[in-house]
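Please treat every number below as a calculation from the coordinates, not as lab data. Just so it is clear, the model here is predicted, and its values are computed rather than measured. A quick note on method: Cβ atoms are made from the backbone with ideal geometry, for glycine too, and the neighbour counts reach across all protein chains shown.
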Amino acid sequence: MNSTKRFFLFIPLFAWALVPGALEAETKSMEKIEIYNAKTDKVEKVDPVVKSDAEWKKLLTPEQYDVTRRKGTERPFSKTCAVPPSGKGVYQCVGCGTDLFAYGEKFESGTGWPSFWDPVSPLNVKMEEDGGFGMRRVEVLCARCGAHLGHVFDDGPPPTGKRYCINTVALKLHAEDAVKK
């Protein structure tokens, strides 16, 4: 193969690198992010958790996969949220273990899903507009692995007035003697 043909074979590769922001977007997705650790009461820089669908399917039950990776919703009143024996603990993301909600911020909303009035830190969750099913809602995602957790509404109790309505299967309880906030 002569050098002219080789040159033309590599043009698409070089062209991709010249697309504005292409390399920056690739690099940015691998940058560390800040997450609050409830146990140490400190903000830490951590790597985002990125897995293939096959890896998520091995890690999660079929229902956890459907809810967290495919944005499903469990049936209301179908699950019971674990209660820490000591009355203190934190609910973590079932996919990556990121601290999400303290047990002390859980309340009974009557909706059939666990409800919280605040996350352990705004760093640990991210919000996105959700226009699915003809509704305008705000989706709640794990900031570290992107797991769909549920939705947030403006009809919660004081002090925030928020109701983070979260799928039980998206959470795992880490009970401990002291979770700081």
Checklist entry - With θ set to phi - 60° and the Karplus curve 6.51 cos²θ - 1.76 cosθ + 1.60, what are the ³J(HN,Hα) couplings of the stretch 57-67 in order, to the nearest whole Hz, using x for Gly and Pro? => result 5, 6, 7, 10, 5, x, 5, 4, 4, 4, 6
Checklist entry - What FRET efficiency, computed as 1/(1 + (r/R0)^6) with R0 = 22 Å and r the Cβ-Cβ distance, is obtained for Glu44 and Lys172, rounded to the nearest 0.05? => result 0.70
Checklist entry - Relative contact order of the stretch 49-175: what whole-number percent is it, with Cα pairs under 8 angstrom and at least 6 residues apart? => result 28
Item to check | Within the stretch 75-100: backbone nitrogen closer than 19 Å to the Lys58 label point (7 Å, Cα to C-beta) | outcome: 94-97
Item to check | Karplus (6.51, -1.76, 1.60) ³J(HN,Hα), θ = phi - 60°, over the stretch 119-132, in Hz, Gly and Pro reported as x | outcome: x, 5, 7, x, 5, 8, 10, 10, 10, 9, 4, 10, x, x
Item to check | FRET efficiency for Arg136 and Lys71, using Cβ-Cβ distance with R0 set to 22 Å, rounded to 0.05 | outcome: 0.90
Item to check | Reachable aspartates and glutamates from Lys71, criterion Cα separation under 18 angstrom, eight or more residues apart if same chain | outcome: Asp53, Glu55, Glu63, Glu128, Glu129, Asp130, Glu139
Next on the checklist: Can you give me the long-range amide H partners of Phe153? Hydrogens built in the peptide plane at 1.01 Å from N, cutoff under 5 Å, separation of 5 or more residues or another chain.
Outcome noted: Arg163, Tyr164, Cys165
Next on the checklist: Loop-only chymotrypsin sites (Phe, Trp or Tyr not before Pro) in the stretch 80-181, please: DSSP not H, G, I, E or B, and at most 13 other Cβ atoms within 10 Å.
Outcome noted: none
